[in-house]
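Here's the structure, in structure tokens; my notes come after.
The values are calculated or read from the model by the stated rules, or taken from the named source; none is laboratory data. Everything quoted here is computed from the prediction, not taken from an experiment. A quick note on method: Cβ atoms are made from the backbone with ideal geometry, for glycine too, and the neighbour counts reach across all protein chains shown.
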Amino acid sequence: MDTIKSYLETMFANLPATAEVLKAKDELWGMMEDKYNELISEGKSENEAVGTVISEFGNLDELAETLGLNRQSSAPVDNRRTLTQDEARSFVSAGSRHAFLTALGVFLCIFSVVPAAACSAFHNNFLQTMGTVALFIIVACGVGIFIITNSLMNKFDYIKKHECIIDYATVGYVQDKKEQLRNISIVCRTLGIIMCIISFVPAAVFNAIPIQGLDDIGGAAMICIVSVGVFLIVFGSMAETSCKTLLALNGDNVAGSYVKKENKEVRYINNTATTIMSVFWPTVTCIYLSASFITFAWALTWVIWPVAAVIHAIFKSILKDDSREV
């Protein structure tokens, strides 16, 4: 039956998702299912039954009148390209690498403060200078990783720029992969949030010890823990992105749509914009926690959240690509 279902989805993949077409699709599925069960009850093998059903119901032109489809309603939406399963696998793999490298870049940008903070505890000009130098080197590495990871995804621009669809078999693979990544995403985000929450512990402990310089070490330890936590949050937030992109390709305007509207993603104008929006809230969280634990001005730092919400709305309205939103 999976073979028949896959064939049916392929038949309707490029047709407009009008009420007439969707009704015809449901009717044809019922006819196929009844015929298949009838053949099986007659003692036919599964392969024979599938072959007979496809040969009998596999031509929409011949069935148009029976299904109540007129020529206009059954005309293809456009000449869409169907992605192969190998292309889908490559895109999902590249998406996982993109998520990891983006998270690594964010980690390095936050972690870059650690050497400078740690070296300042020793009150040595040479060490403090080396800490500052290390800061710029680590930030440069992080920015370099952002550039590299965006270039890795450029070869897949055709998936979003040109109208593509995926068939039923590819959907099955992508949904299985998405479920695997979803579990990883939940674990990473949970651990990341926990680490950000407990990051103040070393700062509080070292600050309570009356030894000169330990408060700087505590601050460095706090930022180190926050950087790891944000890495996990960013990676977890981006882990499923490539799968969601593939599942949203067919859109609502074709009968072969496999994703509920509420689950479809917002698309942005380019990969850089997508990266910016994906790390926006983890970065805000890092800024909030760092500012709060460094200044202990909790009564004031909460203002970061409403300000960030306004900035996020502005960025989203500017960077969102309405022409490709599905």
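Observations, loosely collected:
- Condition broken by VAL133, with the remaining ones in (1) exposed (fewer than 14 other Cβ atoms within 10 Å of the Cβ); (2) within 20 Å of THR283 (Cα to Cα); (3) without any contact (Cβ under 8 Å) to a residue 24 or more places away in the chain; (4) aliphatic (A, V, I, L, M) satisfied: (2)
- Taken as a whole, the stretch 182-203 holds no residue that is at pLDDT below 85, outside any helix (DSSP H, G or I) and among the β-branched types (Val, Ile, Thr).
- From LEU181, LEU152, residue being aliphatic (A, V, I, L, M), in contact with a His (Cβ under 7 Å, 6 or more places away or on another chain) and under 15 Å from THR241 (Cβ atoms): LEU152
- Selected residue (criterion: surrounded by the fewest Cβ atoms within 10 Å (Cβ to Cβ)) from residues of the stretch 116-130 that are of a type outside the set (S, T, N, Q) and touching a residue at least 24 places away in the same chain (Cβ under 8 Å): HIS123
- Qualifying positions in the stretch 165-181 - charged (D, E, K, R) and part of a helix (DSSP H, G or I): ASP176, LYS177, LYS178, GLU179
- All conditions but one from (1) touching a residue at least 60 places away in the same chain (Cβ under 8 Å); (2) outside any helix (DSSP H, G or I) apply to ASN150; the one that does not is (2).
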